[in-house]
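Values in this text are rule-based calculations from the coordinates and carry no lab data. All values reported here derive from a predicted model rather than from experimental measurement. Note: ideal-geometry Cβ built from the backbone for every residue, glycine included; neighbour counts use all protein chains shown.
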Amino acid sequence: MSDSAEAPATSATARPWGGRRQLLLNVVAICGGIALWGAAVSFRRVGLPSPEQVAARAIELIRSGQLFADLLASLGRVLAGFALGVTLAIPVGFLMGWYPIARGLIEPFVQFFRMIPPLAVIPLAIVTMGIGETPKVFVIFLAVFLSSVIATFQGVIGVDKTLINAARVLGAKDATIFRRVIIPASTPFILVGMRIGLGSAWATVVAAELIAAQSGLGFRMQQAELYYDLATIFVSLITIGILGLAMDRLLLALETRLTQWQERM
Amino acid sequence: MSAKISFRNVSRQFAHHDGASFLALDRLSVDVLEGEFVTLVGPSGCGKSTALNIAAGLIEPTGGEMIVNGRAVRGPGPERGVIFQQYALFPWLTVRQNVEFGLRIGGKKASERRAIAQRFIDLVGLADFADSLPKVLSGGMKQRCAIARAYAVDPTILLMDEPFGALDALTRVQMQDQLLDTWSRERRTVMFVTHDVDEAVYLANRVIVMAARPGRLYEIIPVDLPYPRTEAIRLSGAFAEIRNRVWRAVYHQSARPPDSAAQDNEREIR
C-alpha cells in the first residue's frame, strides 16, 4: 500500500507542516515510500501495479475526463452532506449547550445515533429514499451532523464561567453574552468538530458509493474490481487521499486564522 | 456621608450534591461609605468572596438584604465594576476591544468609545499594547487591562476579588501602588478581597476581618494612615502595628468573635 492512500485517516490528527526542513523531510518520505513500493513490486513480483503503471493510468483517466467526473460526483456529495450537517449541527449544538431543556430532549437521540456507524444506515436509507443522490447525501449529512453537534455542544458548556460573569458585570444581557462570548469562545471546538466531520464524510461517501452508486470514486473502484483493474483502484485511492488531505488543510488554515487568539502550549 | 454598599444581615447557604447544605456567609452586616477603600481579609472559607459576589449581583443572598446606592441588588449592574482574580479578559479581543466591551454594550458611539478606552489604557500604562491580544500580556498587564475595562464603564463602585492573588510578590507591590494611584485620581468606592494581610492594610481605610465556618464578620480594624501610601508608610512602625493587629485577628481568632466590638468600632470611625 502506498503512503498517500492512508493519508485521509491520519490527516485529522496531523500537525501543520512547520518549517522548510519539515517540508523537505515530508517530500523525502513520500519519494521514499513510492520508491519502496516500486521496489517491492519489481522484486517480489507481487500482484500489484507499479508506480509507473498507476501514473500511466492516472494520465489516461485524466485525459478522458473520467477521473474529474468521478471526483466531482464524490466531492459534490461530500460538500452537500457536509454543508447540511454543519448548518444544522451548529444551532442544535448551541441550543443543547444553552438550554438545559433542549439538552435533555435532544441528547439521548444524539448519543444513540452516534453509536451507529453511518454506513449501517445505508440499507435503510436506500430502501426508504431510493437509489438516487438522496440516501448518499443523507448518510454523509448524518455522519457530519453527529460529530459536529457534539463538538459544538461541548464548546458551549465548556465556556469559562468567569468570562460570562465578566460580560454580565459589564452590563451584558443573555443575547449579548451569547453573541459576544459564547459564540467566539466555542469557535475552536466547532472547527475541530467540522474537521472530524469532514473526515467521516469523506470516509462515508466512498463506502456509500461502493455499495450503491452509478458515479463517483467509490463506484469507479467497484467497477475496476470486477475487471481486476488494480491500477484504476490505486488511482482512485490516491485521489481520495489527496483530496481529503487538501480539504483538511483548508479547514486547518481556517481554524488557525479564526483561533489565533488562543494561548497555545 | 451615606452608605454606598450595605450588607444587612446577609447570609448565603450553598447546597451540596449529597443534599447537605453549608453556610458560606452568616448574617453579615457592614456598611461601606462613599469613596471608601475597604479590604476584606480572612482565612479560606470565611465567605469573603461570597460577600463580594453578592454585592456584585452574581450570587443571590439566601437571607438578609444587599443594598447598593440605597436600592436592593437585583443582578449585576454597570455601576458596579468587578475585577476577577483570573483576569477574565476576552482572549479573542485586543486590549482596546476588551476595554471597549462594556462601552459597546452601553451603546456608546465608536468615536466616544475609542476616546474613553484610550484614556483608561493610558491610565494603566498599556498604550503600547492597545492592539495586542491578551495572550502576549504578562499577568500584571492582563490585570491592568481588566482594571481599565472595569473603569471604562464609569462604575461608582469597584469590587475586586483577590485581583493580585496570581501575581508574584514584586509585581503585586507595583500593582498595589498603581491601583492606589488610579483610585486617588479616579475616586471610587472600593471593596477589595484578599488573603494577604499586608495588602489589606496597605490599601485600605478599613480592614474587615472575617472568620470561617460559618463565614462571618469578625472584626473591623481602621487604618489611620494617610494617603498617598508610600514605601515609607509601608515600612513604618505605625503600619507594622496595624498589620500585627490584623494578623492576630486573622490567624488567632478566638472562638467567640468580638462582633459587638466590631460594630462599636465602625460607629466610632465615621
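Note on segment A:34-92: residues that are charged (D, E, K, R) and free of Cβ contacts under 8 Å to residues at least 60 places away in the same chain amount to 5. Do you know which residues across segment B:189-204 are in a loop (DSSP other than H, G, I, E, B) and buried (at least 20 other Cβ atoms within 10 Å of the Cβ)? Of everything in segment B:189-204, just one residue is in a loop (DSSP other than H, G, I, E, B) and buried (at least 20 other Cβ atoms within 10 Å of the Cβ), namely B:ALA204. For segment A:131-161, filtering for residues that are within 14 Å of another protein chain (Cβ to nearest Cβ) and assigned to a helix (DSSP H, G or I) leaves 2. Mind checking whether some residue in segment A:230-248 is free of Cβ contacts under 8 Å to residues at least 24 places away in the same chain and under 22 Å from A:ASN26 (Cβ atoms)? Yes, the conditions are met somewhere in segment A:230-248. Within segment A:223-265, if we keep just the residues that are more than 14 Å from chain B (Cβ to nearest Cβ) and of a type in the set (S, T, N, Q), the residue that is surrounded by the most Cβ atoms within 10 Å (Cβ to Cβ) turns out to be A:SER236. Annotation: of all residues in segment A:162-213 being charged (D, E, K, R) and in a helix (DSSP H, G or I), the one that is farthest from the other protein chains (Cβ to nearest Cβ) is A:GLU209. Selection of segment B:78-92 for residues being within 9 Å of another protein chain (Cβ to nearest Cβ), buried (at least 20 other Cβ atoms within 10 Å of the Cβ) and under 29 Å from B:LEU33 (Cβ atoms) yields B:ARG80, B:GLY81, B:VAL82, B:PHE84, B:TYR87, B:ALA88. Listed by first and then second residue, the pairs linking a residue in segment B:207-226 that is in contact (Cβ under 8 Å) with a residue 12 or more places away in the chain and on the phi > 0 side of the Ramachandran plot to a residue that is buried (at least 24 other Cβ atoms within 10 Å of the Cβ) and of a type in the set (A, V, I, L, M, F, W, C), with Cβ atoms under 9 Å apart and 6 or more places separating them unless they lie on different chains, are B:ARG213/B:CYS46.
Each row is one residue, and each column tells you yes or no for (1) more than 10 Å from chain A (Cβ to nearest Cβ); (2) of a type in the set (A, V, I, L, M); (3) surrounded by fewer than 17 Cβ atoms within 10 Å (Cβ to Cβ); (4) under 23 Å from B:PRO76 (Cα atoms).
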| residue | (1), (2), (3), (4) |
| --- | --- |
| B:THR94 | no, no, no, no |
| B:ALA117 | yes, yes, no, yes |
| B:LEU123 | yes, yes, no, no |
| B:ALA127 | yes, yes, yes, no |
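If the condition is being within 14 Å of another protein chain (Cβ to nearest Cβ), under 30 Å from B:LEU137 (Cβ atoms) and part of a loop (DSSP other than H, G, I, E, B), then segment B:37-74 contributes B:GLY57, B:LEU58, B:ILE59. Of the candidates B:ASP168, B:ASP154, B:ASP131, the single residue that is within 19 Å of B:ARG104 (Cα to Cα) and surrounded by fewer than 16 Cβ atoms within 10 Å (Cβ to Cβ) is B:ASP131.
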